[in-house]
Ligand code: SAH
């Protein structure tokens, strides 16, 4: 039994079932036993161990294309210097290392960038420091509120899906909140009747039109707060954000809570702290919050369409020419990132920007400019 499971069983025995977001927060971010407080969640199967693999870890092409997107936008927005190059939840720092490498080709871009990471895990902060140490001196933040007062270009890949969710179920007679309780020394889902759901006004505005009996509504208060903070920051200081995650592009409901360990789905209640836990990101809600903060939000794109429009195919061809013998691997990395049955469709891209920004490459052109 994981150490954290024993602790949580004791707490539930003393205080009763805990809401799912409280459970997920402990499982991922408990200072001692939380999953992200350990060193090595990421990695390819068999090669590096790890429990799951993210796009920047699949291929350098991902970070290179994002880097080109950022450098191009910086150029077209008038080359602000200095500007904050921000990443939320940078994991091993691979994405930023690729961004900084490719950013060297645009004179002025690397010199003007101040790199800021928002990261809670001390172990992952160390990994990020290692990843970018050749290129820059980076700054770390516990949350978005302490980012510097300057224009900002922000990227977040698989950040919002790692934030704790609540699940609320509609029933014939009212509502239940899904909580985690205990039975025979095991953690179990324990729905609790509640008088009314704890939805924010923004979350309410983004619910599907019809909620069937037994429908599960997932909400992510911490994700909403993070989005509100980052949008307020961009509204005040200028810039844009590129948010990439797996989730739904239109209003939806349903249970998407899942846990991964060693690249396999596992029971999320089996061993808290030992497996990664995620849930789908509600993109309509993130876009709604951006617009409420007076930013522009581009229509949500799929990761596959976005990367292809930025030149994924061309970059793959170049790499294949310059690395003979790696053709098959590069083709399979491209497919992994962009094919509809891999990450291409499930993963979505949302671009949000200050109203004074030029159009965002690879995302639908703004019609009002
Ligand atoms: N972007 C990386 C890692 C994704 S995993 C990649 O694509 O490979 C999620 C990341 O978010 C981890 O770095 C984790 O430590 C961080 N994280 C999770 N919750 C956080 C929070 N509340 N504040 C800041 N960082 C958080």
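Our summary of shape: the Cα atoms of segment 278-368 have principal axis extents of 50, 32, 17 Å, ordered from largest down, in whole angstrom.
Computed from the Cα positions only, the extents of the chain along the three principal axes stand at 61, 47, 37 Å, in decreasing order.
Pair-distance distribution P(r) for segment 53-105, from all Cα-Cα distances in 5 Å bins starting at 0: 4, 21, 29, 25, 13, 7, 2, 0 percent.
The relative contact order of the chain comes to 19 percent, based on Cα pairs under 8 Å that sit 6 or more residues apart.
The Kirkwood radius of segment 177-218, taken over pairs of alpha-carbon atoms, gives through the Stokes-Einstein law at 37 °C and 0.692 mPa s a diffusion coefficient of 264 µm² s⁻¹. Computed across segment 135-291, the Kirkwood radius stands at 17.5 Å (inverse of mean 1/r, all Cα pairs). As a size descriptor, the averaged projected area of the C-alpha convex hull of segment 208-344 was calculated at 11.8 nm². For segment 70-144, pairs of C-alpha atoms spaced more than 22 angstrom apart make up 20 percent of the total. Dividing the summed helix terms, -39500 (n - 2.57) for each DSSP H run of n ≥ 4, by the number of residues in the chain produces a 222 nm estimate of -10500 deg cm²/dmol to the nearest 500.
Over all projection directions, the Cα-based convex hull of segment 107-158 averages an area of 4.3 nm².
Using every pair of distinct Cα positions in segment 1-147, the Kirkwood expression returns a hydrodynamic radius of 17.2 angstrom.
Any idea what the relative contact order of segment 303-360 is, in percent, if you count C-alpha pairs under 8 Å spaced at least 6 apart? Value for segment 303-360: 43 percent. Neighbour counting of Cβ atoms within 10 Å sorts the residues 188, 281, 300, fewest neighbours leading, into 188, 300, 281.
Roughly what percent of Cα-Cα pairs across segment 110-198 reach past 15 Å? Summing the P(r) of segment 110-198 above 15 Å gives 73 percent of all pairs.
Based on the convex hull around the alpha carbon atoms, segment 181-257 presents an average projected area of 7.7 nm².
Read-outs throughout are calculated quantities, based only on the coordinates presented, and are distinct from any laboratory measurement. Only a predicted model underlies this, so the values are computations on that prediction, with no experimental measurement involved. Ideal geometry is used to build each Cβ from the backbone, glycine not excepted, and the neighbour counts take in all protein chains shown.
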